[in-house]
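See structure below.
The values are calculated or read from the model by the stated rules, or taken from the named source; none is laboratory data. The model shown is predicted, which means the values in this text are computed figures rather than measured ones. Note that we place each Cβ from the backbone using ideal geometry, even for glycine, and neighbour counts take in every protein chain shown. Please note that ligands, DNA and RNA were not included when accessible areas were found on the heavy atoms of the full protein model with its side chains. Shrake-Rupley method; radii C 1.70, N 1.55, O 1.52, S 1.80 Å.
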2 protein chains.
Amino acid sequence: MKRTASRAGQLIDVLPRPGEGADADRSAALATLETLGTAVRLRSGQKLVRPAEASDTTFIVKEGVFVSEALWPGLRSAVLALHYAGDALPLAALPQAAACAAVAATQAEVLRFSGTTSLPEGRQLVEYTLSSLLDQQARMALHIAMITTLDAGQRVASLLTEFALRLGRQNGRGVAFDVPLSRNGMADYLGLNADTLSRIVSGFKASGLVEQPGRHRFIIRDWKGFFALSPLNTSIDHLHRRVRA
Amino acid sequence: MKRTASRAGQLIDVLPRPGEGADADRSAALATLETLGTAVRLRSGQKLVRPAEASDTTFIVKEGVFVSEALWPGLRSAVLALHYAGDALPLAALPQAAACAAVAATQAEVLRFSGTTSLPEGRQLVEYTLSSLLDQQARMALHIAMITTLDAGQRVASLLTEFALRLGRQNGRGVAFDVPLSRNGMADYLGLNADTLSRIVSGFKASGLVEQPGRHRFIIRDWKGFFALSPLNTSIDHLHRRVRA
DNA sequence: CGCGGTCTTGATACTTCTCAAGTCGGGTGG
DNA sequence: CCACCCGACTTGAGAAGTATCAAGACCGCG
């Protein structure tokens, strides 16, 4: 089918090529910071928690996906933000009132910095953190926009688009990626009920836009069609696509 | 009535006293920054817009309330965040894809910084901005938690509590404040329909918790009762109350 | 291969949205 | 200073969308 080929052609423009663009910039900045911080490996599910007293500890994600979660008694849990490789995670950015933590959603590796801000070399960390927070703040703003302006189907499409742009690889069948969150985690991120989310994903599969070869694995078969599902997807593309045209 | 007196006693612990605590810290840090930036006065409704090309311009709010707004074609407008005196507003934190701006919600005054980050004195601005962004990121996280976990009534109660803590003054009748947003603005911030918001506020008035002497003026008559309406209010108190116990 | 937890799907109830009509408030001009 | 007028707000009835609950299916782990 000719259209498959043309879709594949577009995908080359859409998905990142390893080692290019922003990836390379990030690596350069990180290389100098690695001498200051200590590397830590985490398994999926391990948590970075803000201690009760004030803390200036900062982590930088080297690899993997993190989820900022909060749980207030009597409320369903909230997923506040997603963090990817390169993101700075200052524990001070977590609200302290509730059980709140950054949880590794996949196997992960981080750099740990503690008390380095006051050192002369600390300026590098401060500037890296600031730049990363600007980025993350824009993403949180978009997250808020998703939740306040979109209906359930558009929200789910937006999140899957984000995952595809961040984690996806193009193959013969489309754009494939492993979802780092459970159904419940995705629902909490989107402010939806998990049952509703399930129904919506089933709808995507029924319409042929998406395939699900395993519980955590997705393939977006029709990128253009899927991308059009959410009016915020062009903005999501700006913030999550790693190679600029 | 004795309970009125006891409520009033509690309010003294709850509301800020001018010139104390965090206010004083902020003033000290700002005093040194004022020589670097240029002061600008804004009228309600004026906008700070991110230019198309990358910009390192940063504003610091000296006075007034700002609203980060975004408008995507075909969607209802989104209110992404609220900014108060002391907040740093780097234009780079605004998503750039949509019509997006920080709008003065009241008469306001800001300090404008442009290209100062590279100067040796710029470190002060960088550190101030970083610290402010950490604060604002925690507030955005709470905003997301509000929208994803609370029902409509709890959301409205949370927002009014925030305004009371930020802008309120205790008087004989309760905690009084001027709402800096229109009904539509509040609804957009909360991800609610303006009609629904109106109904909920009417409910608060009917139950005697709240009074509304003018279109933009509110008085919370029963602080304890009102505070209990939202399970997130203790967290909101942590982030928005300016005097610690 | 079997078990446990996660996911799916249906029927139903409830919250919230939509649309429309009416009311209110406050700023403007006489 | 008062009356007018326009935009913002209020309120109702009905519709739409999403949540809830329960039963069953599936996947992946051991």
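In a simple Cβ point-charge model (Lys, Arg +1; Asp, Glu -1; nothing else charged), chain A has a dipole of about 980 debye relative to its Cα centre.
Annotation: B:ASP237 carries an accessible surface of approximately 20 Å², with a 1.4 Å probe and no ligand, DNA or RNA atoms counted.
Placing unit charges on the Cβ atoms of the charged side chains and taking the dipole of the protein assembly as shown about its Cα centre, the candidate lying farthest along the positive direction among B:LEU239, A:LEU197, A:GLN107 is A:LEU197. Considering only protein heavy atoms and a 1.4 Å probe, what is the carbon-and-sulfur percentage of the accessible area of chain A? So the carbon and sulfur contribution to the accessible surface is 51 percent.
Taken along its three principal axes, the alpha carbon spread of the stretch B:34-121 comes to 45, 28, 16 Å, from the longest extent down to the shortest. Between chain B and chain A, the total buried accessible area stands at approximately 3700 Å², from heavy atoms with a 1.4 Å probe. About its Cα centre, the stretch B:34-121 has a charge dipole of approximately 340 debye under the convention of +1 per Lys or Arg Cβ and -1 per Asp or Glu Cβ, with nothing else charged.
Tell me, what is the per residue accessible area of the stretch A:180-245 in Å², probe radius 1.4 Å?
46 Å²
Phi angles across the stretch A:85-102 convert, under the Karplus curve 6.51 cos²θ - 1.76 cosθ + 1.60 with θ = phi - 60°, into 3J(HN,Hα) values of 3, x, 6, 8, 10, x, 4, 5, 7, 7, x, 9, 5, 9, 4, 9, 7, 9 Hz, Gly and Pro given as x. Kirkwood-based Rg over Rh for the protein assembly as shown (C-alpha set), two decimals? Result: Rg/Rh = 0.97.
Buried on complex formation within the stretch A:136-161 (loss of at least 40 square angstrom of accessible surface versus the isolated chain, 1.4 Å probe, ligands and nucleic acids ignored): A:GLN137, A:MET140, A:ALA141, A:ILE144, A:ILE147, A:THR148, A:THR149. A point 7 Å from Cα along Cα→Cβ stands in for B:SER44, and the other copies hold the same point at 5.2 nm, listed in rising order. Distances between copies at B:GLY214, taken between label points 7 Å from Cα along the C-beta direction, are 6.4 nm in increasing order.
For the stretch B:51-119, the set of GluC sites (Glu not before Pro) satisfying both a DSSP loop assignment and a count of at most 13 other C-beta atoms within 10 Å is given as B:GLU53.
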